[in-house]
Every structure is written in structure tokens, then in C-alpha cells.
Amino acid sequence: MVRLGRIGGGLPCPVVAKWEVSNPGGSVKDRPAIHMIDVAERAGLLQPGGTIIEPTSGNTGVGLAIVAAQRGYRCIFVMTDKVSPEKVSLLRAYGAEVIVCPLAVPPEDPTSYYSVAERLTRENPGAFRPNQYANPANAEAHALSTGPEIWNQTDGRVTHFVAGAGTGGTISGVGRYLKSMNPAVRIIAADPEGSVYSGGSGRPYLVEGVGEDFWPDNYDPAVIDEVVAVSDRDSFMMARRVTEEEGLLIGGSCGTAVTAALRVAERCGRDDLVVVLLPDSGRGYLSKVFNDEWMARFGFLESEGVTVAQVAAAREPGSLPPLVYVHPESTVRDAILLMRKHGLSQLPVAKGEMPIAAAEVMGAVDELRLMERTFADSLLLDRPVEDVMGPPLPTIGSGQPVELAVRLLDSAPALLVLDGGRPRTVLARTDMLTFLSAQSGAGLPAS
């Protein structure tokens, strides 16, 4: 356990991290991984030479892959396309097969990683799916190990326990144990904005390995005293801050948990002790959270000089809603009317309601292409937009330099601007020309 002395400096009480990076697979998920397999073997659910199949964001898969390598099982893991490439490579290094599925689909969709895992389990004789979302051995592993360790390592002084809620196993198992020792201990779930635990619909967010789009059986709401919602931006920036100031290399979901823990500690007294669980290290997120280009492209970092956000903000107030887009099932006629109403020549096509996620953007339509196609076939007007849409508009971060926007607009009619990981507006060539003409003579750097 590590006291967060710099990040938590000035708070009423100590904030102590239980960092799970020293487990064999590098994460807290090693605990339920081996316990679920032990229980399955004793119950005869997993036979010698069998296959382990599981949907995972990576860490549970690593734990299962290690056990499988030691005991001679085959592994197939199903992941979403938001998972960092490091995690995919790591699972394959252990000899596992990895199947990547789209993120922006509901759990019941046949292409979702839940549905694909179920299908593969049916199709592979001798397959066993641990099902970390509903397997009671998941939470039990933490009630037997993680919870007692926290209690003993704090000499029973822990008053608040903060952890991310994904499958629900960690927070529910630890929570049950701590409350059995002291019913006054408060259990707080740190949750990405948009996840169902904090009241969202489960629509896509960028933080990996935490939050859900459905209610897993392992999540025990009776144990949870509070849920704290944390944005992608706060999660990623906190991960970078903890790494730089505390010397602990942590990823986005750890940043979510630390952000929530600090908010909890602000309301505590001097006799309280906040313990926050950090499930893994940041090594699996070097291509994202610790990659400045990736962070800038999604609108988390701001460059020096004139930025895309300044160009967008220079529009006439009230002349354009923040983001105008059309749903894929809307008709071409609806899309044309929407473009005419707002004076637009390009329109993103996206699922869901605002604020939408970048993963929900499916494509785009432009007036020139629609004009050409409807002239050739007037019946096209009543067909859904998804039948005629083109590829999505190129994206750019709100804090990226205006020079980059100018270069991208040389080959694209418009750009989709991301801020905090979410689409916020469309930047067209006309917007850029208007801005540049207004800035002439003001010392704007040449592109």
C-alpha cells in the first residue's frame, strides 16, 4: 500500500492506494482468474484440454491466460475495439487467441463482445466461460484475499474504500468483507460518466476496464454506499498527474478511482482513512493515455498558439448548434432538410443522443453527393441515411493547432472536432476562411 502524499497533500485525511501491479499478471484480476478456474475444476466444469472463453477488457484475460498456460488449457478472449493494442499483444504473447469486436453496439447485438463470447462457447466442445460478470467466485476471491489484506494492512483503520466498478466483483467482494468487520466502512464506486452505475445509458466512453452498459450479477448495490461519476478527461489527466507526481505508473481506470477518492477525502475528517484500489499499471496504456498525440487528437491536451477551439468559438453566437448530426435510420430527405435548416454542407451520421461518443459516429453525408444521387434516383429521398452515407469526417482535437486544421482541410471539406474525447462540432472550410480573414494582420502564424 502506498500513501498518496503529494496528490493527497492538504486533504483532511490520508489517501492510501492499494496498488495491485505486483500480482503475476500485473493486475487485481489475477485474484478472481485463478479462483474461478479452481472452482470450475472442482465442479467438473472445466476438463483437461478444455478451452477457456471470456469477454474481457484485458486484465482478466491475462490472469486466465497465465492459469491456462500452466494447466494446459486453450484460451479465446473477446475484446472491444477500444482496448489498447498493448493488451491485445500481451494476451497473444501468452498464446491466447484474441477476437476484437465493435464497441458501439448494445450487449444484445450479435456482434457485441458478450454475444460473440456466448456463441463461441456454444460452438466449441469442452469450452468453459468463467463469466466474470455473474460468477460468484469473482467477488468471493476478493472477500477471501483483497478485503482481508486491506483490513490487516490498515490495522482496521480503513473508513472509506474506493474502487472502480466493472464486473462488480472487486468492489462487492471487498465491500462485503470490510462491512463484516466494521459496518460503518463506506464503500464508494468510481464510475466513468455514461456508465449505468452512475445513471448513464452505458454508451461508449474511452476509459478501459471499468463501468458497464448493463447490470452484472456480481455488482451488489446493497454493499455500495455511493457512486462517483468521473469524466474521461479527469481520469486521464489524473493518471498522468499521479504518474508524474507520485512515481506510480497508472492507467485511465486508476485515474478514475483516484479522482473519486480525492473527492471523497475532501469531505472526510482527520480520523478517517481512505483506501483506493489501483487495479493495474499504466504500461498497458502507453499508446493512449501517455501518448501526447493520441491525447491531443481526442481533445484532452491543448497546444500553444491558436487552436481549433478558438476557430470554433469565433463563430457568430447562436448561428450554429454545437453539433448537428443525423441518425442512421433517418431518411435522406430528413438529412437534406436538416442541412438546409442550419446552412450546412456536411453532416455527421451518428447513433445516440448528445453528448455522443466518438465511437458512435458511423459516417457522414455531404450535399454534393446527395444532390448527385437524388438527381439520378428520386426514390433515394425516402431511404435511410446509412444506405448512402460516406466515411466519417476526419477528426481533430479542440486543442490542436490551427495549422493542422488547415492542412487537413486541404483534402477534406470539413473536420469533426473532438473535445474531452467526444464530438463537439464540425469545422468547415468556410469557418476557417472566415476566421483567417478576421485574423489577417493580427500576427497569425502562417500555415
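Would you please classify the overall shape of the stretch 230-273 from the alpha carbon gyration tensor, given that a ≥ b ≥ c denote the square roots of the eigenvalues, rounded means a/c under 1.5, and beyond that prolate means a/b larger than b/c while oblate covers the rest? Mind showing how you got there, number by number?
On the way: a/c = 2.90, a/b = 1.61, b/c = 1.80.
In terms of gyration-tensor shape, oblate.
Testing the spin-label approximation: label points 7 Å from Cα along Cα→Cβ at ALA134 and ARG270. State their distance in nm.
Output for this residue pair reads 5.2 nm.
First select every other residue whose beta carbon is under 9 angstrom from the beta carbon of ALA229; then total the charges, Lys and Arg +1, Asp and Glu -1.
Numbers: positive: none; negative: ASP191, GLU193.
Value of the local net charge: -2.
Taking 0.36 nm per residue of separation and subtracting the Cα-Cα distance, what length does fully extending ASP382 through GLU245 add?
43.6 nm
Any chance you could run the full-extension gain for ASP225 through ASP38? It's 0.36 nm times the residue separation minus the Cα-Cα distance, nm to one decimal. If you can, show how the numbers build up before the last one.
Details: separation 187, 0.36 × 187 = 67.32 nm, distance 3.12 nm.
Extra length from ASP225 to ASP38 when fully extended: 64.2 nm.
What are the residues whose amide H is under 5 Å from the amide H of ALA127, where those residues sit 5 or more places off or on another chain and H is modelled from the backbone?
When sequence neighbours closer than 5 places are left aside, the close amide H contacts are THR51.
Whole Å is fine, so just give me how far the alpha carbon centre of the stretch 181-211 lies from that of the stretch 141-180.
With the stretch 181-211 and the stretch 141-180 each reduced to a Cα centre, they are spaced 16 Å.
Simple spin-label model, 7 Å along Cα-to-Cβ: THR111 to LYS341 in nm?
2.8
Counting Lys +1, Arg +1, Asp -1, Glu -1, what net charge surrounds MET181 among other residues with beta carbon under 15 Å of its beta carbon?
Details: positive: ARG157, ARG176, LYS179, ARG186; negative: GLU149, ASP155.
Neighbour charge sum, excluding MET181 itself: +2.
With loop defined by DSSP as not H, G, I, E or B, and exposure as at most 13 other Cβ atoms within 10 Å, which is the longest segment of the chain clear of exposed GluC sites (Glu not before Pro)? The partial results should precede the final answer.
Values: sites that count: GLU108, GLU304, GLU329, GLU353.
Longest gap between qualifying sites, sites excluded: 109-303.
If you average the alpha carbon positions of the stretch 34-83 and of the stretch 225-302, how far apart do those two centres end up, in angstrom?
28
Roughly speaking, what is the stretch gain from GLU302 to ARG92, that is 0.36 nm per residue apart minus the C-alpha to C-alpha distance, in nm to one decimal?
On the way: separation 210, 0.36 × 210 = 75.60 nm, distance 3.53 nm.
Residue separation times 0.36 nm, minus the Cα-Cα distance, leaves 72.1 nm.
Please state the shape class of the stretch 299-439: rounded when a/c is under 1.5, otherwise prolate if a/b exceeds b/c and oblate if not, all from the C-alpha gyration tensor. Walk me through the numbers before you get to the answer.
Values: a/c = 2.12, a/b = 1.69, b/c = 1.25.
Prolate, since a/c reaches 1.5 and a/b exceeds b/c.
Under a crude label model (7 Å from the Cα following the beta-carbon direction), how far is ASP410 from VAL100 in nanometres?
Modelled inter-label distance: 2.9 nm.
Of the DSSP beta bridges with both residues in the chain, give the percent that are antiparallel, rounding to the nearest 5.
Details: 17 of 51 bridges.
About 35 percent, rounded to the nearest 5.
To the nearest 0.05, how large is the calculated FRET efficiency for LEU368 and ASN291 if R₀ is 30 Å and r is the Cβ-Cβ distance? Please report the intermediate quantities before stating the final value.
Working: r = 36 Å, r/R0 = 1.19.
Here the calculated transfer efficiency is 0.25.
Compute the normalised compactness of the stretch 30-128: alpha-carbon radius of gyration over 2.2 N^0.38 Å, N being the residue count. Can you show the working numbers first?
Numbers: Rg = 13.0 Å, N = 99, 2.2 N^0.38 = 12.6 Å.
Ratio of Cα Rg to 2.2 N^0.38 Å: 1.03.
In the Gaussian network model of the chain, springs joining C-alpha atoms below 10 Å, which of ASP232, ASP431, ASP191 carries the largest mean-square fluctuation?
ASP431
Find the all-direction average of the projected area of the Cα convex hull for the chain, expressing the result in square nanometres with one decimal place. Let's see the in-between values first.
Values: hull surface 98.2 nm².
Value for the chain: 24.5 nm².
Could you please report the charge total around PRO192, scoring K, R as +1 and D, E as -1 over all other residues with beta-carbon less than 14 angstrom from its beta-carbon? Could you put the intermediate results ahead of the total?
Values: positive: LYS82, ARG203, ARG233, ARG422; negative: ASP191, GLU193, GLU208, GLU212, ASP213, ASP232, ASP234.
Local charge sum for PRO192: -3.
Of PHE375, PHE298, PHE161, PHE290, how do they rank once you tally other Cβ atoms within 10 Å and put the fewest first? Before the final figure, lay out each step's value.
Working: PHE375 9, PHE298 24, PHE161 30, PHE290 17.
Exposure proxy ranking, most exposed first: PHE375, PHE290, PHE298, PHE161.
No lab work stands behind these numbers, since they all come straight from the coordinates. As the structure is a computational prediction, the values presented were derived from the model and not from experiment. Using ideal geometry, Cβ is built from the backbone for each residue, glycine included, and neighbour counts are taken over all protein chains shown.
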